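Undergrad: If you scroll down you'll find the structure; I have some questions about it.
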Amino acid sequence: MNARLERKLRMFAVIIVVGTIAGLGVSFAQGRTSPSSLAVGVAYGLLMSVTIGGVELFVLDGALRVRLNDLSFTANLIARSAIYASIIVIIQLFQLGEVIAGVPRETSTGNFWIGFIYSAVISVLMNLVLAIANLIGPRALRNFITGRYHAPVEENRFVLFVDIAGSTGLAERLGGVGIHRFLDRTFRLLTVAVVDYRGEVLNYVGDEVIVTWPERSGAIDCRPLRCFAAMRDELSRASNELEREFGASPRIRGSLHFGSVIVGEIGDIKRAIVFNGDVMNTAARLEELSRNVEGGFLASRAAMARFNSAPPFAVRDLGQLPIRGRADGIDVVGLDAAALA
């Protein structure tokens with residue numbers, strides 16, 4: 001099972017559980033606590049979570065992902081909410097919960113409208129939260145809400161720098177608007193792999209994207225390495241389409257490092273969670289060195305030593321390379337060019 005399908009199935013299971021509990025909650029809120037009424041509530045919760053969750057994960061975040069992401073924030077929110085509302089209306093109108101629970105259908109429309117309004121409000125709120133999470137990142141939103149980094153915290157992190165090769169020349173040929181559209185399309189493709197491998201986009205800087213993992217999460221199955229390989233796969237699959245639209249297919253190079261960083265909230269207006277530490281500078285300088293390495297990727301020995309399994313690709317020991325800002329250089333490995341091609 002690939003990482004993307006595994007992630008979606010795991011989320012689908014969570015949505016079903018939450019939806020079923022919410023269905024029970026609606027029954028209790030309406031004062032309907034008899035066994036048959038609770039069965040109806042569970043049936044509605046199960047129906048809506050399965051249908052809405054399935055549509056969201058396998059249609060809206062699948063075949064329609066690119067089209068929806070091309071919409072503005074408000075248009076995307078309206079489109080998703082309209083789809084959710086249509087599903088809710090059909091389920092409520094035909095009283096499918098009663099059908100599944102095996103109880104007589106109600107002739108009164110009062111409960112239909114109560115259930116519809118409740119479900120519609122929840123759907124809009126859920127889509128609003130999802131849209132905001134997409135703007136600032138789901139983990140960043142969670143960390144702001146919980147206050148995890150309100151006071152600075154020292155953590156061990158994997159840091160992956162990914163750079164789009166040749167973007168300067170492309171900018172001259174495509175112009176300002178053209179290169180922006182090119183970078184946007186490329187970054188959208190790259191972040192699909194980030195989500196699949198449980199990474200967190202820290203920032204977009206020019207033609208670079210910075211991705212991080214906490215030590216425990218990143219060490220599992222060499223996720224940062226697999227993420228980089230998946231990024232190249234995404235670009236390869238989209239290469240013909242990008243060639244037609246921009247006359248170029250993006251290539252990436254990257255670097256991976258591991259170490260201690262200070263993570264904390266900073267600023268007042270447009271408050272952000274930022275990372276500081278030598279590991280960030282070293283990862284950036286490794287990315288510069290990767291431009292002259294076959295395969296276009298460098299990983300520090302410090303990062304490789306933290307994985308809890310063997311790397312999924314052949315590794316070439318490149319020894320100690322001189323690096324700006326460090327008198328003693330840094331021990332690095334390169335990854336097999338054929339495996340990452």
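The values are calculated or read from the model by the stated rules, or taken from the named source; none is laboratory data. No experiment lies behind these values; they were computed from the predicted model shown. Don't worry about glycine lacking a Cβ; one is built from the backbone with ideal geometry, like all the others, and counts go over all protein chains shown. The accessibility values were calculated without ligands, DNA or RNA, using every heavy atom of the protein model including side chains. Shrake-Rupley method; radii C 1.70, N 1.55, O 1.52, S 1.80 Å.
Undergrad: Would you mind telling me the share, in percent, of accessible area of the range 66-169 contributed by carbon and sulfur at probe 1.4 angstrom?
TA: 68 percent
Undergrad: Using +1 at the Cβ of each Lys and Arg and -1 at the Cβ of each Asp and Glu in the chain, identify which of VAL315, VAL66, CYS227 lies farthest towards the dipole's positive end.
TA: VAL66
Undergrad: Can you check how the C-alpha radius of gyration of the range 160-201 compares to 2.2 N^0.38 Å, as a plain ratio?
TA: Against the compact-globule rule of thumb, the ratio is 1.32.
Undergrad: Once all Cα-Cα distances of the range 196-341 are split into 5 Å bins that start at 0, what whole-number percent is in each one?
TA: 2, 9, 17, 21, 20, 15, 8, 6, 2, 0
Undergrad: Taking K and R as +1 and D and E as -1, what net charge do the other residues with C-beta under 15 Å from the C-beta of ARG324 add up to?
TA: Net charge in that neighbourhood comes out at -1.
Undergrad: Here's a follow-up. To one decimal place, what Kirkwood hydrodynamic radius in Å is obtained for the range 1-87 from all pairs of distinct Cα atoms?
TA: 14.3 Å
Undergrad: If you fit an axis through the alpha-carbon atoms of helix 223-237 and take the longest principal axis of the Cα set of the chain, what angle between them do you get, 0 to 90°, nearest 10?
TA: Approximately 80 degrees, to the nearest ten.
Undergrad: Same structure, new question: Tell me the net charge near TYR44. Cut-off is 12 Å between Cβ atoms, TYR44 excluded, with +1 for each Lys or Arg and -1 for each Asp or Glu.
TA: Neighbour charge sum, excluding TYR44 itself: 0.
Undergrad: To the nearest 20 debye, what is the magnitude of the charge dipole of the range 263-341 about its Cα centre, counting +1 on the Cβ of each Lys and Arg and -1 on the Cβ of each Asp and Glu?
TA: In total the dipole reaches around 100 debye.
Undergrad: Work from the charge dipole of the range 150-306 (Cβ charges, +1 for Lys and Arg, -1 for Asp and Glu, about the Cα centre) and give the residue of GLY247, VAL153, LEU174 farthest towards its positive end.
TA: GLY247
Undergrad: On C-alpha positions alone, give me the angle between the axis of helix 167-196 and the longest principal axis of the chain, in degrees, nearest 10.
TA: So the helix axis and the longest Cα principal axis differ by about 60 degrees.
Undergrad: Would you mind telling me which residue in GLY166, GLY267, GLY97 has the biggest mean-square fluctuation in a Gaussian network model of the chain, where springs connect alpha carbons within a distance under 10 angstrom?
TA: Looking only at GLY166, GLY267, GLY97, the largest GNM fluctuation is found for GLY267.
Undergrad: On average, how much accessible surface per residue is there in the range 201-303, in Å², for a 1.4 Å probe, leaving out ligands, DNA and RNA?
TA: So the range 201-303 comes to 45 Å² accessible per residue, rounded to a whole number.
Undergrad: Relative to the first principal axis of the alpha-carbon coordinates of the chain, what is the inclination of helix 278-290, with its axis defined by its Cα atoms, in degrees from 0 to 90 and to the nearest 10?
TA: Long axis of 278-290 versus the principal axis of the chain: about 70 degrees.
Undergrad: At a probe size of 1.4 Å, how large is the accessible area of ASP278, to the nearest 10 Å²?
TA: We get 90 Å² for ASP278.
Undergrad: Along the principal axes of its C-alpha atoms, what lengths does the chain span, in descending order and rounded to whole Å?
TA: Principal axes ranked by extent give 79, 44, 43 Å for the Cα atoms.
Undergrad: Next question, about the same structure. Any number yet on Rg/Rh for the range 127-269, C-alpha, Kirkwood?
TA: 1.00
Undergrad: For the chain, what is the charge dipole size about the Cα centre, in debye to the nearest 20, if Lys and Arg each add +1 at the Cβ and Asp and Glu each add -1 at the Cβ?
TA: Charge dipole, the chain, about its Cα centre: 380 debye, nearest 20.
Undergrad: Then there is this: Just the number: Rg to Rh for the range 171-230, Cα atoms, Kirkwood Rh, two decimals.
TA: 1.08
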